[in-house]
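The values are calculated or read from the model by the stated rules, or taken from the named source; none is laboratory data. Please read these numbers as outputs of a predicted model, since none were measured by experiment. All Cβ positions, even for glycine, are placed from backbone atoms using ideal geometry, and neighbour counts span all protein chains on display. Each accessible area value is taken on the protein alone, full model and side chains, heavy atoms only, with ligands, DNA and RNA left out. Shrake-Rupley method; radii C 1.70, N 1.55, O 1.52, S 1.80 Å.
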Amino acid sequence: QVSKDKNGDKMQRISKLHTIKPNTKLTDALNLLLEANVSSLPIVNDRGALIDIYARSDIIQLASDSAYSAISFEDATVSDALVFSHQANMKTKPTPPRVYVCTRQDSLRTVLETLALPGVRRIIVIEPESKCVEGIVSLVDVVGFLITQ
């Protein structure tokens, strides 16, 4: 979620940002998605730099193809699940980028243009130098921000 700062012109985080690591157990990631009531979790390295994203749509994809039967949920990591899902997707269709990013310096117009692309549900806000995750912006966040202007 986003809001205006005290000057009324900047977006800032108003809810906790949840991230996971590639070696996070798949069951832990699924539980966090549910408990935090979020649709995606940025996957970061030990420095907090963005690697990928794990989303509810990945769970649906995993469950809808043959990868589901090849994975042991108790032992699998997020990385394992993404590999299975990616292999299944490559057989059927070319895949668009999984993660779209912006920085705090990007304009609202740039963010809106990216969110307008087919299939884009969210943009990960990163620090340009380190690629560390600073937040997530969804279309709902932007619309909410614009309505309060």
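For this structure, a couple of remarks:
- All of Ile60, Ile71, Ile14 fail the test of being loosely packed, with under 15 Cβ neighbours inside 10 Å, more than 28 Å from Glu129 (Cβ to Cβ) and modelled with pLDDT under 80, apart from Ile60.
- Any chance Ser85 is farther than 26 Å from Leu139 by Cα, outside any loop (DSSP other than H, G, I, E, B) and at pLDDT below 95: no
- Filtered by the rule that a residue be out of contact with any strand residue (DSSP E or B) (no Cβ under 7 Å at 6 or more places or on another chain), part of a loop (DSSP other than H, G, I, E, B) and surrounded by 15 or more Cβ atoms within 10 Å (Cβ to Cβ), the range 17-38 gives a lone residue, Val38.
- Residue match in the range 112-123 (condition: open to solvent by 40 Å² or more (accessible area, probe 1.4 Å), modelled with pLDDT under 80 and part of a helix (DSSP H, G or I)): no
- Among the residues of the range 124-139, the one identified as outside any strand (DSSP E or B) and closer than 18 Å to Ser39 by Cβ is Leu139.
- Single residue of the range 39-48 satisfying the filter (modelled with pLDDT of 90 or more and either within 13 Å of the chain's Cα centre (by Cα) or surrounded by 15 or more Cβ atoms within 10 Å (Cβ to Cβ) (or both)) that is nearest to Ile124 (Cα to Cα): Pro42
- Candidate set: the range 128-148, residues that are out of contact with any Lys or Arg (no Cβ under 8 Å at 6 or more places or on another chain) and not aliphatic (A, V, I, L, M); chosen: the one surrounded by the most Cβ atoms within 10 Å (Cβ to Cβ): Asp141
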